[in-house]
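Here's the structure, in structure tokens; my notes come after.
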Amino acid sequence: MEATQVFSSVEDQLQQLGSARALVLTDPVYWPQVLHGILPIVSGPIVQLRRWGADFLAETFSTPVVEAGEKLNLAVACLDTMVRLMDEKEAGILKSVVQCSASVYPLIFRYICNNREDAATWKKMDVLKSKILNLWDTGPVGVRLCCIKFVQRVILVQSRGATDPRLADRSEISLSMVPTNHPILSLPALDAEAQGLLDRLLSVLLEDPRQENTVTTTTHNGESSRITGILIINSDATLTTATLNNLAQLVKTRSPIAAKIVSTVLSFNPLAIVTRSNTIQNRLMMQCMEKTVRVLLLNIVRANPQGPFTGKVSQHLTRLSRMKADLLEELSRKRAAPTPDNDAVKRLKTDQQQQQHAAVTPTPTPPLVPPQQQIINGPMSYAQLYSLSTDDGMNSFDGQQLPLDLILEIINRSMYNVQQHNLDAAITAVRNRYAALLRAFPPVPPQAFSQQSSSQASSYVPPPAATDESHAGYLPDATENRIDKQEKEEDKAESNDEEDEESELQLGKFRLPPPPTLSREELRESSFDAVNRIFSVIDQFDKTSLVSRKSKLGVMRLAASNWDREGWTTLITRLATRGMGGLQGEEEIKPEVRDSDFDDEDYDEEEGDSKLQKPSALSNFIRDKLYMCIIEDFRARMDIAISWLNEEWYNDRIMAKTQPNRQPQYKIWMMKIMDGIFPFLEGKDRMFMRLLSEIPEITVELLQKVKMLCLDPDRAVLGIQMLHFLAMLRPPVRNMCMDVLEDLWLNHTELRGQTQKLISKWRPEVLVPKPAAIAAAAAPASENTGTSENQVAVNASGGNLNGNATASSSDNTNTTPMVT
Amino acid sequence: MMQTPPQPRPTAAPAAEAAADVQQKHDDELRGQNGGSGKDFPLKFCTVCASNQNRSMEAHLVLSLSQYPVISFGTGSAVRLPGPSIDKPNIYAFNSTTYDEMYNSLKEKDPRLYHANGLLGMLDRNRRIKGCPERWQDWKVGVPRKDGVEDGVVDVVVTCEERCWDIVVDDLTNRNSPLNRLVHIINIDIKDNHEEALVGGKGILELANMLSEAAREEREKAGPNFIRETVDGRVPDVLAKWQERFPGLPALWTVGYF
């Protein structure tokens, strides 16, 4: 009976509260009043009312209809209630309180900045904050999602905004608001807290935090559990997407931490979830996370297209789509028999994780190496000698099963990431074992080997057995070489490899045998392969605009400072031109690389002058590739053409000094390129002028080609513009250009409309009406341009220079029938 | 203790009733299947398509008939309806031109054409649901509204096209989440035609039902540490189950904030 009474009264109260809320929604003026009214109820014993109150609190600080100033006053008043509500066990209430705290935190922070004395309020906020941070990992998912938002707000408030004060948003609440001598707020502490929270926030993108814990606790078994920890990525797409959706604002408004966030997002592999178990849900979640990453990165880049991340992000997105397509294809193929062996993705995941692991999360210290562990009395394999892991699984793993390139990749990555002191410890451990082994088995060099090595022994200095740090890297190198050698030995004599292995352990001296000499054919094949690979690298780079390509190195810039498209282009063009210089010089000494031997393709287009020294086959192979590469897409690869031709010309100049009988290459290839391009030029290809203006030398033959262009009605404008441009801006070729123009003027009346201005500017004398005889005399000469053409000009100027500079066009047309 | 919803909601959107007498049969069928499933634990929904005409409005209707609080938006720059040819669409402004005005203008232009291609039927349905198409980008989240969602926030946004999802997620990111309030943004890919919109509407309703059911279960759950949990952690699970039932409507989801 009593219960129903209470219940009905609760029902009534809820109804009243409902109408109060309806009132403030229609008229927000009453909001503060209503909120103050409900605070006692929210702290009361009736849970329904507390639920309602928590929701109303969250709504109050969210709603845009209540003024920020009003919210601040309310926030100070509500802190106690919120702290109390954080002890509730209901997910719904907690969600509302955490949401509410996220709204309140910046307000209280600003309030404390301006009210230095109010330590009590800040204390309350601190209690609230620590309660929320405790729930962050342990609460129900819904609450954790709200915690993520709260943490984002804390990071925003407690980190610095734009470093440029002009860009700073004054209304924004950030660390910059805190006065340096504030009695409560300590700048370094707040900053450090934000950094810590950011690391914790980003950790969801790195790996499963629970795994991380097990790794740090189980040190004796650290090695293997760390690896599993890397492989298992937190599957919880809910937390991951929520985190991702909170990062854009941090990146855009908090430049000091932007790089860290972006690099973490770039290292996050949203596809990994599927490789763990390929269920419908995981596939769906993979798509969701991939899309969320994509939208986030695009948002960041769009906000600042000139920003530092644009290049990396666009590369990453292309790669991501490719990987996703590959993965989906693979999945659909393997649908019948799903195996957990998606190498590509797993590999990438491991790589990225390892990379990131060192950068952001603390690396768990590997177990102390038991120095004299398992020194077996008796024969010991190399694998045993070098294995420091105590894990049986690791020890029994046969590294030879992995493909070589993967192993190289792993070694590379781990060498970058390994801590120096760990490496030192490991080296010392192996060295001690080795020393122990040597003591156990005194060196007795077998006959065969000592004979072989005796001839080389003089050139080899055995490593000192000292244990000081500076020699740390020496021993492993040496022993690795030894293994190489041993492998070769095995190839030669498979039968007695067991003895060899043992005996070699006891040897102090050895020398790597020289590699087998390559046959000419192999040499040629592999150099061609190498060149082809360089070209494929150049192809892979995105076309960046000239502006963004501009190097930031300034004076420090070298021809190939960065391994970007430009750097590789420089490399390949120099390889073609100067790169083979040494080889050519050595021809006499080394007949096996002589050009004529492997020059079976004939590159001699012109003047089969046998005295002229032709370039090596490899140079010409590269040149041919360059030529094909440019011709394939000459508009986009004009820069390659320009730098190549400049290199050729320069090299021709250099070589002419030392090898006067070398065949100059510039003209050959320049004309070849022009022959390739000219047929495809269109009237609108004004960029072509850049090519003409930037190549180092312009020949008469080239201008003849331009002239042919002028005679094509479709491209006449382009041709004449080129001549105009060259005449105007390349004085050394002005005369040659004017010769062409004059020829056009005299012989092609239909172009006169376009050529007249140019002629009147630089060769006004041509316009002067000439006596028929002189014109007739000049006519045959004008066919082959050159000196006789100049003769005409001289004649004309001698006649009447300042007479008819503005000769009417009708006059000129009258002369033409006579001239032609 | 009885489970009383913390915030009493209106039992039915008035717009839904207006629409009901037009599509009596269609609606009865839906009611029969899902009678009042949204009523006792209503998540609030928002449906979004390009022009706030076809797909989002079909879903709006279907959800409101099942008593879910629902609002709807379009993400395009303007409302575009097919015209006499593909290069002559009828373009109207968001937020100002009412469905009724569009209906009358099209009826005046070419009643036979617009009747035959279904536009008049669609606009007639829409003008009984709400006043005019609304643009997502202009939505002031959290400002109280007069319709079913009086506090101006929703729990789930359902977009009907991947592009719209992109725009919504991007737009929410740019707004910097002033409300700090959690929202699930789900895309259900629906082709923009009448038939597919009907299929998609049913799919969205089923998703809403499944989410609400999960929310109810979570709320009644008493875990060792926490009680009355929320649906948020269950969304991936529910969505995957839903996707298995509707493989023709590819889904996408992310957790965002208003």
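The values are calculated or read from the model by the stated rules, or taken from the named source; none is laboratory data. Everything quoted here is computed from the prediction, not taken from an experiment. Glycine gets a Cβ as well: all are built from the backbone with ideal geometry, and neighbour counts include every protein chain shown.
Kindly establish whether residue A:278 is within 8 Å of another protein chain (Cβ to nearest Cβ) and in contact (Cβ under 8 Å) with a residue 40 or more places away in the chain.
Numbers: within 8 Å of another protein chain (Cβ to nearest Cβ): no; in contact (Cβ under 8 Å) with a residue 40 or more places away in the chain: yes.
So residue A:278 fails the test.
Any residue at all in the range B:168-187 that's acidic (Asp, Glu), within 24 Å of residue A:247 (Cα to Cα) and facing chain A (nearest Cβ under 10 Å)?
First pass over the range B:168-187, keeping only residues acidic (Asp, Glu): B:170-171.
Checking which are within 24 Å of residue A:247 (Cα to Cα) leaves us with B:170-171.
The next check asks that each one be facing chain A (nearest Cβ under 10 Å); those that pass are B:170-171.
The answer is yes; a qualifying residue exists.
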Complete set of residues in the range B:152-171 that are out of contact with any strand residue (DSSP E or B) (no Cβ under 6 Å at 6 or more places or on another chain), in contact (Cβ under 8 Å) with a residue 24 or more places away in the chain and closer than 20 Å to residue A:58 by Cα
B:153, B:155
Name every residue in the range A:399-453 that is at pLDDT 80 or above, among the charged types (D, E, K, R) and under 20 Å from residue A:384 (Cβ atoms), in order of residue number.
A:431, A:433
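Quick check on the range B:237-258: of everything there that is more than 24 Å from residue A:59 (Cβ to Cβ) and aromatic (Phe, Trp, Tyr), which residue is nearest to the other protein chains (Cβ to nearest Cβ)?
B:253
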Within the range A:289-299, can you find the residues that are under 12 Å from residue A:262 (Cα atoms) and more than 9 Å from chain B (Cβ to nearest Cβ)?
A:293, A:297
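Please report, ordered by residue number, the helices (runs of 4 or more DSSP H) entirely within the range A:654-760 with at least 3 residues that are modelled with pLDDT under 85 and closer than 26 Å to residue A:638 by Cα.
Working: elements: A:666-677, A:688-694, A:700-710, A:716-729, A:731-747.
In the range A:654-760, the matching helices (runs of 4 or more DSSP H) lie at A:688-694.
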Qualifying residue in the range A:42-51 (condition: basic (Lys, Arg) and either more than 9 Å from chain B (Cβ to nearest Cβ) or outside any helix (DSSP H, G or I) (or both)):
yes
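The rows are residues; the columns are (1) closer than 29 Å to residue B:170 by Cα; (2) modelled with pLDDT of 90 or more; (3) hydrophobic (A, V, I, L, M, F, W, C).
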residue	(1), (2), (3)
B:208	yes, yes, yes
B:217	no, no, no
B:223	no, no, no
B:228	no, no, no
B:231	yes, no, yes
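Of the residues that make up the range B:225-236, is at least one more than 11 Å from chain A (Cβ to nearest Cβ) and within 14 Å of residue A:142 (Cβ to Cβ)? Show your work before the answer.
As a first pass, look at the range B:225-236 and keep what is more than 11 Å from chain A (Cβ to nearest Cβ): none.
Scanning the range B:225-236 turns up no residue that is more than 11 Å from chain A (Cβ to nearest Cβ) and within 14 Å of residue A:142 (Cβ to Cβ).
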Only one residue in B:107, B:130 is surrounded by 15 or more Cβ atoms within 10 Å (Cβ to Cβ), at pLDDT below 95 and within 19 Å of residue B:75 (Cα to Cα). Which one?
B:130
Residue B:201 versus (1) facing chain A (nearest Cβ under 8 Å); (2) buried (at least 20 other Cβ atoms within 10 Å of the Cβ); (3) within 20 Å of residue B:66 (Cβ to Cβ): which is the lone unmet condition?
(1)
Among all residue pairs at least 6 apart or on different chains, which show Cβ distances below 7 Å where the first residue, located in the range A:188-201, is in contact (Cβ under 8 Å) with a residue 24 or more places away in the chain and closer than 16 Å to residue A:176 by Cβ and the second is in a helix (DSSP H, G or I) and aliphatic (A, V, I, L, M)?
A:190/A:175; A:191/A:175; A:194/A:154; A:194/A:155
Go through (1) in contact with a strand residue (DSSP E or B) (Cβ under 6 Å, 6 or more places away or on another chain); (2) over 21 Å from residue B:219 (Cα atoms); (3) not hydrophobic (A, V, I, L, M, F, W, C) and name the single condition residue A:90 misses.
(2)
So which of A:125, A:86 is surrounded by fewer than 24 Cβ atoms within 10 Å (Cβ to Cβ), touching a residue at least 24 places away in the same chain (Cβ under 8 Å), among the hydrophobic types (A, V, I, L, M, F, W, C) and closer than 17 Å to residue B:229 by Cβ?
A:86
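Can you go through A:305, A:270 and tell me which one is within 14 Å of chain B (Cβ to nearest Cβ) and at pLDDT below 90? Let's see the steps before the verdict.
Values: A:305 fails: within 14 Å of chain B (Cβ to nearest Cβ).
Checking each option against the conditions leaves just A:270.
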One residue from A:112, A:93, A:132 being under 46 Å from the mean Cα position of the chain (by Cα), away from chain B (no Cβ under 11 Å) and crowded, with 23+ Cβ neighbours inside 10 Å
A:132
Among the numbered conditions (1) within 11 Å of chain B (Cβ to nearest Cβ); (2) assigned to a helix (DSSP H, G or I); (3) among the charged types (D, E, K, R), tell me where residue A:80 comes up short.
(1)
When the residues of the range A:58-77 are narrowed to those that are part of a helix (DSSP H, G or I) and away from every other protein chain (no Cβ under 12 Å), which ends up nearest to residue B:144 (Cα to Cα)?
A:70
